[in-house]
Amino acid sequence: MTSDGPDAVLAQLGAAVDAAIPRSLAQAWQEHVAHAPVLVARQGIYSTHGRPFAYQLSYRGPGLHPELAREWGPLEHEQATDHVLGATFGRADLERVAHGRLLFVRCPRAHLVGDLAVPHRPDRLVIEVSATADVDAAALAGLRRLREEGFRIAIPAFADRPEQRRLLPHADFVKIDVRDLDVEGHPVVRVARSFGAMLVAEYVETADELRQARDLGFTLFQGNLIERAGVLDRTDDRPVGSDAGRQQGGRPFRP
């Protein structure tokens, strides 16, 4: 039985993995990372006064169409999230992305339970629970830990499903797809705000949807009617810290 702590054991394991990778392969990967574009998509979340309140960040890469995300498995979601976090927080000049505002990043289960790290930036990062994440006891414990560390939590695509209701006590923001409001209406909105979370109307595409969301008491709005997602190129922004190197170069994203 070794007396080394978990960090030392992980460091030894990481060193063993690095040593097992052929030098030529490692060099080829580093050259690929150095020349590959580092992209991230950004879409504004706006207040009732028409001012940016926060930004939603999502994966973009050469040749990747966002629609393909529907076909991703857990590994692809984890890799995409690592890319977004690395491209955003692992590069210098964060404010070129944030402009002093909160940044929503959708995170799968591995990031919630601590299997994969998130940058310690609770002043900027909002942890948005991926719709594909299993909401079990470990995930709920992870959310409690993240909130204790100061992170804000968001629930996307809220439709009053049982697993989503379990998240409500931990949520600072609840997003509702406005395309569902004709069917769901007041009952789902009432449940969504039952623990005091701020409501975000997402996928706002038409003036009628925006008007209906306002009438139901939404105060934050996101969608193509207000602003389409743009793509930021972070390639020329200097990587910062060892975490950035691991996130950008430690595990390739393969859509």
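The Cβ shell under 15 Å around Ala197 holds other residues with a net charge of +3, Lys and Arg each +1, Asp and Glu each -1. Subtracting the Cα-Cα distance of Ser194 and Trp72 from 0.36 nm times their residue separation leaves 40.7 nm of extension gain. Quick one: Debye curve from the alpha-carbon atoms of segment 131-236 only, equal weights, vacuum; give me log10 I(q)/I(0) at q = 0.15, 0.21 Å⁻¹ to two decimals. Evaluating at q = 0.15, 0.21 Å⁻¹ gives log10 I(q)/I(0) of -0.68, -1.07.
Subtracting the Cα-Cα distance of Thr132 and Ala159 from their residue separation scaled by 0.36 nm leaves 8.3 nm.
We did not get these values from a lab; they are worked out from the coordinates using the rules stated. None of the values given here were measured: they were computed from a predicted structure. FYI the Cβ positions are ideal-geometry reconstructions off the backbone, even for glycines, and counts take in every protein chain you see.
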